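Trainee: After the structure tokens below, expect a handful of questions from me.
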Amino acid sequence: MADLGRAALVVSLGLSVYALVAGATAAITSRRRLATSARNALFCCFGSTLIAAVVLASALVRHDFSFTYVAQHTNRTLTTPYALSAFWGGQEGSLLLWLLVLTGYGSLAVALNRKLLRDLTVWVVPVLAGIGTFFAFVLVAVASPFGTQTAPLDGNGLTPSLQNPYMVAHPPMLYLGYVGLSIPFAFAAGAMLSGRTDERWIVATRRWTLAAWAFLGFGQLLGAHWAYVEVGWGGYYAWDPVENAALMPWLAATAFLHSVMIQERKGMLKVWNMVLVALAFELSVFGTFLTRSGVVNSIHSFSKSPIGSWFLAFVVISTVFSLALIMWRLPLLKARTKLESALSREATFLYNNLLLVALCLTVLWGVLFPIVTQVFKGETRTIGRPYYDFFLRVFGLPLLLLMGIGPLIAWRKASFRGLVKLLAWPIAVSILCGVALVLVGAGSSKPGLIAYTFSSFVLATIVLELVRGTRAVGSVFTLISRNRRRYGGYVVHAAIVLLAIGIAGSSAYGTSTRARLTPGQSVSVAGYTLSLRDVRRTQVPNATETRAVFDVGGRWHGTLASGDNQYIFPPEPSREVGIKTSWTRAEDLYVIADDVNVKTHVVFVQVLVKPLVNLIWVAGIVFLLGAGIALWPDAREQRRLVTRLAPAQA
């Protein structure tokens, strides 16, 4: 079976090289049969990669420890879902998943557009094949998942923190997002290579971009919830370099999704959109480099690996390729129209873009700074949370405000008086909300107060738009179905508002305390009283569980346990926290037993009360709903697309 997997990857490498060379030759010489052959090679590359993936998945499920990869990342105690999650839990398997998703996405995107965009897809094939060639080469020559050995009796097991349901879904979601950004990049490159730099490539890849963006966003929220319940430090996002690696391409893709609307409607920002789509793709590959090179220290990253230099070289080469294409096609990327007013929807979207890119580059510098200081000064200097939190407020709060203004302001040119009149109700709602928050004592945190006020403004604008539209058509469902892209965007904006409220509430208004307790002693915080009842140690399969048990009184009556698990295979500890969620009070009681001494029954405990934190997880559901509405197929839109592309194709 290992030989079959290796052979399948060698075939994938050969097919991708052929698709690259034959596809480029066909595009240059306009040889249609050769172009068809290159396209078929790309399709077959997906088939051979799928065979390799099935071989590895089968070995994981069967606990075939003759595969070195299987022995390193699983053992016999793992259930089937966690055994399968080891597919992306290790370096080589995750690279195979990258190639599988890339060839699958690429084959489907090319197949769906080969008739309407024949002149474009003939260049898209070699671009996708070039990306695939790199990953196939790494899997064949540098980091193969099909290395073999004499089978041991058992494997090393999966890292305890990864034995969590969220880790079954979180990494694949991120990969669907990371790799999905290759599709708009390939079509953008194909548009420039073919000289067809009109809006057709944007229209054809809109849903691909939306899907990748949605997977990336939801995947990050899944990861945040995993960190909240599994890592056990009381937070959900630590500005870890690998966490930032997923955030950066999402920010760039968000800017791209907003600015393409201006290009579609006004023919503006062509160069900017090419830069954004290239930036999103490069950051997705850079994120993969960060995770797999071992160049940064992170609980999410792998150990140092020889593939780091290969990835860095690929990032450099693909970046130079992107910039060279943009510079070459600058004359074709000139805008048909210019920005007419600084007070218009176009201008608002541009401000939105600048803030998103500024935040993205700020995060990028925070990630790069320790690496740069290590390379040039021989010392490692890290940038802490205050740096990121400061710029999140500086760029994030204006972005929140623009979310309310942008959808309502007129295209081309708007008057200040007319805009104020249009926004009168949302402004009044936000002022009343701000005053009410101050009166109830929420003014202790100025960033939190501003976030809540701006959030109420955005929600008021969304409600206002829905009410006006519903009055015009008679039903909110009819309204949404007539413009799914627009109103799906409003739902996504509502999700971002919920996210902002949850972050502000849990960060600005949370309370915590630490205490040293023995049985019978108690600690109080924010209306809760926790009394240590007992300390227990239990032996379970593959782990020793140590728990401090607390009786909780005050605002909630019940029992919570917190402590740690000491696993046998692999021999690693895992912190286990106690969480009680109250939806009526919109808060979490979060208990961390840092040090539990079974002999003396002394426990060092940290108790946190985190208001509104669960709105972050609710925001994920609303986000998915909005993305689903925007992605849902629309027969009328498809007819408009065919009508629009047919003349250009002819």
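The values are calculated or read from the model by the stated rules, or taken from the named source; none is laboratory data. Predicted, not measured: the structure shown is a model, and the values here were computed from it. Reconstructed Cβ throughout: ideal geometry from the backbone, glycine too, with neighbour counts over all protein chains shown.
Trainee: What number of residues in segment 255-290 are hydroxyl-bearing (Ser, Thr, Tyr) and either at pLDDT 85 or above or not assigned by TED's automatic domain parsing to the domain that holds LEU216 (or both)? Break it down into steps so the answer makes sense when it comes.
Mentor: Step one: list which residues in segment 255-290 are hydroxyl-bearing (Ser, Thr, Tyr), which gives 259, 284, 288.
Filter once more, keeping what is either at pLDDT 85 or above or not assigned by TED's automatic domain parsing to the domain that holds LEU216 (or both): 259, 284.
Number of matching residues: 2.
Trainee: Quick one: in segment 62-86, which of the residues that are within 28 Å of the chain's Cα centre (by Cα) and surrounded by fewer than 24 Cβ atoms within 10 Å (Cβ to Cβ) is nearest to LEU15 (Cα to Cα)?
Mentor: Initially, segment 62-86 is screened for residues within 28 Å of the chain's Cα centre (by Cα), giving 69-70, 72-74, 78-86.
Among the residues that remain, those that are also surrounded by fewer than 24 Cβ atoms within 10 Å (Cβ to Cβ) are: 72, 78-82, 84.
Numbers: GLN72: 30, LEU78: 36, THR79: 36, THR80: 32, PRO81: 32, TYR82: 32, LEU84: 27 Å.
The extreme case among them is LEU84.
Trainee: Among PHE349, PHE314, PHE391, which is the only one that is in contact with a Ser or Thr (Cβ under 9 Å, 6 or more places away or on another chain), over 20 Å from VAL260 (Cβ atoms) and among the aromatic types (Phe, Trp, Tyr)? Show your work before the answer.
Mentor: Values: PHE349 fails: over 20 Å from VAL260 (Cβ atoms); PHE314 fails: in contact with a Ser or Thr (Cβ under 9 Å, 6 or more places away or on another chain).
Sole residue among the options that is in contact with a Ser or Thr (Cβ under 9 Å, 6 or more places away or on another chain), over 20 Å from VAL260 (Cβ atoms) and among the aromatic types (Phe, Trp, Tyr): PHE391.
Trainee: Here's a follow-up. In this structure, does PHE87 turn out to be at pLDDT 90 or above, assigned to a loop (DSSP other than H, G, I, E, B) and within 22 Å of MET1 (Cα to Cα)?
Mentor: Judged against the criteria, PHE87 is not a match.
Trainee: When you check LEU332 against the structure, is it in the same structural domain as VAL275 (by TED's automatic domain parsing), closer than 30 Å to GLY418 by Cα and either in contact with a Cys (Cβ under 9 Å, 6 or more places away or on another chain) or not acidic (Asp, Glu) (or both), yes or no? Break it down into steps so the answer makes sense when it comes.
Mentor: Working: in the same structural domain as VAL275 (by TED's automatic domain parsing): yes; closer than 30 Å to GLY418 by Cα: no; either in contact with a Cys (Cβ under 9 Å, 6 or more places away or on another chain) or not acidic (Asp, Glu) (or both): yes.
Here the answer is no, as LEU332 does not meet what is asked.
Trainee: Sort out which residues of segment 581-599 are over 30 Å from the mean Cα position of the chain (by Cα) and in contact (Cβ under 8 Å) with a residue 24 or more places away in the chain, and write them in order of number.
Mentor: Once the filter is applied, which keeps residues that are over 30 Å from the mean Cα position of the chain (by Cα) and in contact (Cβ under 8 Å) with a residue 24 or more places away in the chain, segment 581-599 yields ALA593, VAL596, ASN597, VAL598.
Trainee: With LEU4, LEU20 as the choices, which residue is surrounded by fewer than 18 Cβ atoms within 10 Å (Cβ to Cβ) and either part of a helix (DSSP H, G or I) or assigned by TED's automatic domain parsing to the domain that holds GLY93 (or both)? I'd like the intermediate steps shown before the answer.
Mentor: Numbers: LEU20 fails: surrounded by fewer than 18 Cβ atoms within 10 Å (Cβ to Cβ).
Matching residue, one of LEU4, LEU20: LEU4.
Trainee: How many residues does segment 535-552 hold that are assigned to a strand (DSSP E or B) and surrounded by 14 or more Cβ atoms within 10 Å (Cβ to Cβ)? Give the steps one after another, and end with the answer.
Mentor: Let us first name the residues in segment 535-552 that are assigned to a strand (DSSP E or B), namely 535-540, 543-552.
Within this subset, residues satisfying the condition of being surrounded by 14 or more Cβ atoms within 10 Å (Cβ to Cβ) are 535-536, 543-552.
Total satisfying the criteria: 12.
Trainee: Then there is this: Can you find a residue in segment 209-226 that is buried (at least 23 other Cβ atoms within 10 Å of the Cβ), aliphatic (A, V, I, L, M) and modelled with pLDDT under 90?
Mentor: No.
Trainee: Residue under question is GLY505, and the condition is that it be under 20 Å from GLY235 (Cβ atoms) and either part of a strand (DSSP E or B) or not basic (Lys, Arg) (or both); does it hold? Step through it out loud before you land on a result.
Mentor: Working: under 20 Å from GLY235 (Cβ atoms): yes; either part of a strand (DSSP E or B) or not basic (Lys, Arg) (or both): yes.
Yes, satisfied.
Trainee: Here's a follow-up. If I go through segment 146-159 residue by residue, how many of them are surrounded by 22 or more Cβ atoms within 10 Å (Cβ to Cβ) and closer than 23 Å to ALA245 by Cα? Give the steps one after another, and end with the answer.
Mentor: Applying the first criterion (surrounded by 22 or more Cβ atoms within 10 Å (Cβ to Cβ)) to segment 146-159 yields 146, 155, 157-158.
Narrowing the set further to residues that are closer than 23 Å to ALA245 by Cα leaves none.
Going through segment 146-159 one residue at a time, the tally reaches 0.
Trainee: Looking only at segment 232-243, filter to residues that are closer than 17 Å to SER506 by Cα and in contact with a helix residue (DSSP H, G or I) (Cβ under 9 Å, 6 or more places away or on another chain); which one of those is surrounded by the most Cβ atoms within 10 Å (Cβ to Cβ)? Reasoning before the result, please.
Mentor: Let us first name the residues in segment 232-243 that are closer than 17 Å to SER506 by Cα, namely 232-239.
Okay, now just the ones that are also in contact with a helix residue (DSSP H, G or I) (Cβ under 9 Å, 6 or more places away or on another chain), so 233-239.
Working: TRP233: 14, GLY234: 19, GLY235: 19, TYR236: 22, TYR237: 18, ALA238: 16, TRP239: 19.
My answer is TYR236.
Trainee: List the strands (runs of 3 or more DSSP E) that sit entirely inside segment 555-605 and contain at least 1 residues that are among the aromatic types (Phe, Trp, Tyr) and not assigned by TED's automatic domain parsing to the domain that holds TYR228. So that I can check it myself, show each step before the final result.
Mentor: Numbers: elements: 558-567, 573-576, 578-582, 587-596.
It comes to 558-567, 587-596.
Trainee: Could you say whether any residue in segment 394-413 is surrounded by fewer than 16 Cβ atoms within 10 Å (Cβ to Cβ), hydrophobic (A, V, I, L, M, F, W, C), within 22 Å of ILE496 (Cα to Cα) and not assigned by TED's automatic domain parsing to the domain that holds GLN263?
Mentor: Yes, because at least one residue in segment 394-413 is surrounded by fewer than 16 Cβ atoms within 10 Å (Cβ to Cβ), hydrophobic (A, V, I, L, M, F, W, C), within 22 Å of ILE496 (Cα to Cα) and not assigned by TED's automatic domain parsing to the domain that holds GLN263.
Trainee: For the structure I just gave you, tell me whether ALA143 is at pLDDT below 90, closer than 19 Å to VAL285 by Cα and either crowded, with 17+ Cβ neighbours inside 10 Å or touching a strand residue (DSSP E or B) at 6+ places or on another chain (Cβ under 9 Å) (or both). Before you say what the answer is, go through the steps one by one.
Mentor: On the way: at pLDDT below 90: yes; closer than 19 Å to VAL285 by Cα: yes; either crowded, with 17+ Cβ neighbours inside 10 Å or touching a strand residue (DSSP E or B) at 6+ places or on another chain (Cβ under 9 Å) (or both): yes.
Here the answer is yes, as ALA143 does meet what is asked.
Trainee: Of the residues that sit in segment 570-599 and are under 15 Å from HIS225 (Cα atoms) and hydroxyl-bearing (Ser, Thr, Tyr), which one is modelled with the lowest pLDDT?
Mentor: Top of the filtered list is THR581.
Trainee: Within 29 Å of ASN156 (Cα to Cα), among the aliphatic types (A, V, I, L, M) and in contact with a Pro (Cβ under 9 Å, 6 or more places away or on another chain) - does that describe any residue in segment 531-542?
Mentor: Start the filter on segment 531-542 by keeping residues that are within 29 Å of ASN156 (Cα to Cα), which leaves 536-542.
Right, trim to among the aliphatic types (A, V, I, L, M) and you get 540.
Still in the running and in contact with a Pro (Cβ under 9 Å, 6 or more places away or on another chain): none.
Checked segment 531-542: no residue is within 29 Å of ASN156 (Cα to Cα), among the aliphatic types (A, V, I, L, M) and in contact with a Pro (Cβ under 9 Å, 6 or more places away or on another chain).
Trainee: Search segment 168-201 for residues being β-branched (Val, Ile, Thr) and surrounded by 22 or more Cβ atoms within 10 Å (Cβ to Cβ), and hand back the single one that is nearest to GLN91 (Cα to Cα).
Mentor: The initial filter retains those residues of segment 168-201 that are β-branched (Val, Ile, Thr), namely 168, 179, 183, 197.
Next, only the ones that are surrounded by 22 or more Cβ atoms within 10 Å (Cβ to Cβ) stay: 179, 183.
Numbers: VAL179: 16, ILE183: 23 Å.
Filtering segment 168-201 for residues that are β-branched (Val, Ile, Thr) and surrounded by 22 or more Cβ atoms within 10 Å (Cβ to Cβ), the one nearest to GLN91 (Cα to Cα) comes out as VAL179.
Let's see how each residue does on (1) in contact (Cβ under 8 Å) with a residue 24 or more places away in the chain; (2) farther than 29 Å from GLY195 by Cβ:
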| residue | (1), (2) |
| --- | --- |
| SER16 | yes, no |
| ALA35 | yes, no |
| PHE46 | yes, no |
| LEU50 | yes, yes |
| THR79 | no, yes |
| TRP98 | yes, yes |
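Trainee: From the residues in segment 321-354 that are of a type in the set (Gly, Ala, Ser) and loosely packed, with under 14 Cβ neighbours inside 10 Å, which one is modelled with the highest pLDDT?
Mentor: Checking each candidate, the answer is ALA324.
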